[in-house]
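Coordinate-derived values only; no laboratory data. Keep in mind the model is a prediction, meaning the values are calculated, not measured. Positions of Cβ are generated from backbone atoms using ideal geometry, with glycine treated the same way; all protein chains shown enter the neighbour counts.
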């Protein structure tokens, strides 16, 4: 074997962590989508690195399903939306770049704080990768809150899911292949429904900027 | 056998609804008959659990005492909602609120919604439970946006995003709970029972973090403050039969998930940690809901905030523990019945007045004497007026908190009084006075009232008499959680 498992974990998690940071800073929807593909690739590398110990057909099938949903279906659906509604640029954020960077730094520091130290005991060898996964979870949450665009919110939710899955894989909380397929099926349906709703929003409001959705406030 | 029946029926009903999408008569019959059979099967299961203990179908499916009560609640409220829907949708079609072609999709998603809830209760795996609860979000998102208006789409989007984020946090918490097994076991499917067995090996700090994530995650679905922001919008925008299911049933299912994790946490680190958190979120929910209910302008939102308040009361009951937990389980039953009565009666009010704004409605009692009376009964029951069961359960919950949590109990008592005053204020302005002259007096037929009659009878009887089987199950469930 060319690489240690912990090295693969570190590299994959770094991919996931960096991609969510860049998602927050990126202004173009296509760039965010590419970053999501990179992030999902990190998850797939993590899954593959663990599958090689088992080498069961079902485990490989689970990886294939994840690949299909995260690398093919989700980006395709979202790219179609971008093209359909001419969404070249991501809708604005609530906070400016400087404040966004500060919040990201605070969230990363929070993940490194002693509060979450017990979680690193789940896989002491991969302490840094686990903390990065936690930071990616918090930053993904911030991405969902900070973006005003429905499309960015979808990618934020998917990024949150990637971060959680990567934490679970690094911490050794891998589920049975059957369950992984079940979870992916759920995510797959979620993506379809979310994209249907994005189209509905565009049809009703003529934009994907969620700040224009004020009908509930007016009632 | 009964379990497979409960799971298969909604699936078959959904498939028939897809195939027979142009035949409204078939859609109606399939809907009512299938959910009625689900109710019968759930009752059989309930009596079986009461007589013989937990019903274990396979390693993957089992029903405990609390689960059997919840199954009956899902099936019962599902049955009245389906029955009511058949007439309600017909009136909406005749008033051109919805198109004829929308009905089949409504029933398909309704059956899938029921299926997901049944599955969440019956499964023995926490991950499958998470998948099922996530599936309830996906099936109901379409039901919330059923009217396809901007406000309905907005409410559905808010619901989808907030609940998905909440449930992902719940998923993270679930995975952390599973770490207690993977440390000692392997990559096999994790069951609730194995989590409980391994609870003593669970790292106490990880258990605390995991429970916080689970409570915040599933708490979002329950509608506990401050994660409740989606609930008033979603519950007020959905068609009323769906609102009755969302408020009266779905919130309980999410609560069931929290309680199952609570029992694991308690077995690991003792009950005080989870109880304190439940008390905190419970009292916060009651106070926030009470304040907003007082100034509410929309009666459907009023009912939605009332659900937040009652989830707070239930959280308080489990937080106080002992007799409080027992009362909380009974409270779940009474709340489901009373809230369904309120939502379905509110549906009749909406069909008559074509508005949900409180200040535009006058003289309901003279315009809709039967539906109006049922709404009043629901109001008295939900605000805890004797002799209705909620009076007793709230009394027990608050009594059990007096000794150790006096401050919280006093605040809860004041908030509940405010809820009553606020609700009474709105009800008296809507129900009395003179109605607009262009409003035609009279009910819209017996079929639309019959399901509410059934609920009113059940609520009244259950308030004064609880069958021995259910008493046993409630006692057994309160010891588990």
Worksheet entry | Rounded tilt (10° steps) of A:29-54 against the dominant C-alpha axis of chain A | 20
Item to complete: For peptide B:462-475, compute the average count of partner chain beta-carbon atoms within 10 Å of each residue's beta-carbon.
Response: 0
Discussion item. Please rank A:104, B:414, fewest neighbouring Cβ atoms within 10 Å first, as an exposure proxy.
Written reply: B:414, A:104
Practice prompt. Before rounding to the nearest 500, sum -39500 (n - 2.57) across all DSSP H runs of length at least 4 in the protein assembly as shown and divide by the residue total; then give [θ] at 222 nm in deg cm²/dmol.
Written response: -25500 deg cm²/dmol
Item to complete: Figure the gain on full extension for residue B:193 and residue B:58 (residue separation times 0.36 nm, minus the Cα-Cα span) and round it to one decimal in nm.
Response: 47.3 nm
Worksheet item: Ranked by Cβ crowding within 10 angstrom, fewest neighbours first, how are B:331, B:405, A:85 ordered?
Response: A:85, B:405, B:331
Discussion item. I want to check the label-to-label distance for residue A:3 and residue A:60. Put each point 7 Å from Cα in the C-beta direction and report it in nm to one decimal.
Written reply: 2.1
Discussion item. Can you give me the angle between helix A:5-25 and the longest principal axis of chain A, using Cα atoms only, in degrees from 0 to 90, rounded to the nearest 10?
Written reply: 10
Worksheet item: Between the stretch B:121-143 and the stretch B:400-441, how many Å separate their Cα centres?
Response: 33
Discussion item. Per-residue Cβ counts within 10 Å, from other chains only, averaged over B:231-240: what number is that?
Written reply: 1
Worksheet, complete the sentence: Mean Cβ-within-10 Å packing, highest first, puts peptides B:255-262, B:16-23 in the order B:255-262, B:16-23
Fill in: Whether chain A is rounded, prolate or oblate, judged on the alpha carbon gyration tensor where a/c under 1.5 counts as rounded
oblate
Discussion item. Given a Förster distance of 60 Å, report the FRET efficiency between residue A:199 and residue B:51 from their Cβ-Cβ distance, rounded to the nearest 0.05.
Written reply: 0.70
Worksheet item: What FRET efficiency comes out for the pair residue B:468/residue B:4, r = Cβ-Cβ distance, R0 = 35 Å, nearest 0.05?
Response: 0.80
Practice prompt. Sort out for me the Cα centre separation of the stretch B:264-306 from the stretch A:1-80, rounded to whole Å.
Written response: 38
Worksheet entry | Shape of the stretch B:372-475, Cα gyration tensor, a/c cut at 1.5 | oblate
Worksheet item: Taking Cα centroids, how far is the stretch A:157-173 from the stretch B:170-243 in Å?
Response: 16
Item to complete: Calculate the spin-label point distance for residue A:102 paired with residue B:410, positioning each point 7 Å from the Cα along the beta-carbon direction, and give it in nanometres.
Response: 4.1
Worksheet, complete the sentence: Mean per-residue count of partner chain Cβ within 10 Å for A:108-120 equals 2
Worksheet entry | Point-to-point label distance, residue A:94-residue B:376, nm (Cα→Cβ direction, 7 Å offset) | 4.5
Fill in: Peptides ranked, highest mean first, by Cβ atoms within 10 Å: ranges A:18-25, B:196-203, B:228-235
B:228-235, A:18-25, B:196-203
Worksheet entry | R0 of 60 Å, Cβ-Cβ distance residue B:428-residue A:80: FRET efficiency to nearest 0.05 | 0.65
Worksheet item: Just the C-alpha atoms of the protein assembly as shown: what Rg/Rh do they give, with Rh taken as the Kirkwood radius?
Response: 0.96
Worksheet item: Ranked from highest to lowest mean number of other Cβ atoms within 10 Å per residue, what is the order of the peptides B:141-152, B:40-51?
Response: B:141-152, B:40-51
Discussion item. Below 8 Å between Cα atoms, with a sequence gap of 6+, how large is the relative contact order for chain A in percent?
Written reply: 27
Worksheet item: Once the Cα atoms of helix B:65-94 and of chain B are each reduced to a long axis, what angle between those two axes, in degrees from 0 to 90 to the nearest 10, is obtained?
Response: 20
